[in-house]
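Worksheet for the structure shown next.
The values are calculated or read from the model by the stated rules, or taken from the named source; none is laboratory data. Note that this is a predicted model, so its numbers are computed, not measured. For neighbour counting, all protein chains shown are included, and Cβ atoms are generated from backbone atoms with ideal geometry for every residue, glycine included. Ligands, DNA and RNA are excluded from the accessible area calculation, which covers all protein heavy atoms including side chains. Shrake-Rupley method; radii C 1.70, N 1.55, O 1.52, S 1.80 Å.
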Amino acid sequence: TDRSSCQLSLGSRPVTMGVMKVVKTPQYFKTFQVKFRRRREGKTDYRARKGLTAQDKNKYATSKYRIVVRITNKDVCCQIIDAKIHGDVVICAAYAHELPRYGIKVGLTNYAACYATGLLLARRTLQKFGLDETYEGQTEPDGEMYCVEAVEDGPRPFTAVLDVGLVSTTTGNRVFGALKGAVDGGLDIPHSAKRFPGYDKAEKELDAETHRKYIFGGHVQEYMEMLQEDDEDRYQEQFAKFIAEDIGPDDLEEMYTSGHAAIREDPSAKPTTKEDSYPDLKKKKMSLSQKRDRIRQKIASYKNKMSKEGGDDDEDEASDE
């Protein structure tokens, strides 16, 4: 076309229209490679996963174990996982919903419960590999920094690396409670004290007394006592399950102490009972006639409700007159 046809006159000044460049051509879409499904879903950090699972070539097919900690609204999941070519293999697992069996019936997602779940996982894993008597770990938790030391004449400790997923590794995060429980249970996990509750960044040292308070639920005890004094109604609502189990602020340390002892005594998993058949909870699909009848009933109910309200308004007006 003629260049003058691509010009617009703005007053006495001609304006030339620019040419738009096509950035994403059909060839671009043909060669576009989508990301992994779990990356698209925002579930897996593959850069972190590569560092956690990659094994040195001179170690051949030696397993590199990860202790995976995931915390939901109602549960804590701790697993020992081995990454294989065909996928991850769960070697051992422990859950916070198992803790009521050991006497810890309430508060199954706080720091103390995470510690107990990590302890349960450690003792269960060592029992599976026959190392529970060789490596007993820290039998009396005091909040101090503790690392498992290998025995001279015997097998080396079970080693794993911590996998926290996508959570923010802030100081005092509950995933480090599970880490501390697993380490005190006898697992060898590389770590430092910088992220435990009570660590002073300025002084660069860990306050063991503060950390011990969290391990035995002391922070929960302080909060319960504060609510009892300031807001009794909120205490009754927020700690209703504690009240139902007759557990007060002064009973928490004893509950966790006895729970730790029970876990060490018998960490084995208890199989759940299976039923021959389960009730079908899926809602059955309605037919077209049933749907239409349901709509008629709703309309009739609404009309009846409106007529009653209209009658009440008429009676109020008559009484006012």
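Please enumerate the residues belonging to segment 111-149 that are in contact with a strand residue (DSSP E or B) (Cβ under 8 Å, 6 or more places away or on another chain) and open to solvent by 50 Å² or more (accessible area, probe 1.4 Å).
Of everything in segment 111-149, those that are in contact with a strand residue (DSSP E or B) (Cβ under 8 Å, 6 or more places away or on another chain) and open to solvent by 50 Å² or more (accessible area, probe 1.4 Å) turn out to be Lys128, Glu144, Met145, Cys147.
Which residue, of Val90, Val69, is of a type in the set (A, V, I, L, M, F, W, C), surrounded by fewer than 17 Cβ atoms within 10 Å (Cβ to Cβ) and out of contact with any Pro (no Cβ under 7 Å at 6 or more places or on another chain)?
Going through Val90, Val69 in turn, just one is of a type in the set (A, V, I, L, M, F, W, C), surrounded by fewer than 17 Cβ atoms within 10 Å (Cβ to Cβ) and out of contact with any Pro (no Cβ under 7 Å at 6 or more places or on another chain): Val90.
Which of the helices (runs of 4 or more DSSP H) found entirely inside segment 213-258 contain at least 2 residues meeting this: open to solvent by 50 Å² or more (accessible area, probe 1.4 Å) and under 19 Å from Leu99 (Cβ atoms)?
240-244
What about Lys128, is it touching a residue at least 12 places away in the same chain (Cβ under 8 Å), part of a loop (DSSP other than H, G, I, E, B), basic (Lys, Arg) and over 26 Å from Leu206 (Cβ atoms)?
no
Using the structure shown, decide if Ala182 is open to solvent by less than 50 Å² (accessible area, probe 1.4 Å), in contact with a Leu (Cβ under 8 Å, 6 or more places away or on another chain) and in a loop (DSSP other than H, G, I, E, B).
no
Take residues that are in contact (Cβ under 8 Å) with a residue 40 or more places away in the chain and closer than 21 Å to Val164 by Cβ and tell me which of the strands (runs of 3 or more DSSP E) falling wholly in segment 10-125 contain 3 or more.
In segment 10-125, the matching strands (runs of 3 or more DSSP E) lie at 65-71, 76-84.
Can you tell me which condition Ile263 does not meet? The list is (1) at pLDDT below 95; (2) open to solvent by less than 90 Å² (accessible area, probe 1.4 Å); (3) under 30 Å from Ala93 (Cβ atoms); (4) not charged (D, E, K, R), and all the others hold.
Ile263 satisfies all of (1) at pLDDT below 95; (2) open to solvent by less than 90 Å² (accessible area, probe 1.4 Å); (3) under 30 Å from Ala93 (Cβ atoms); (4) not charged (D, E, K, R) except (1).
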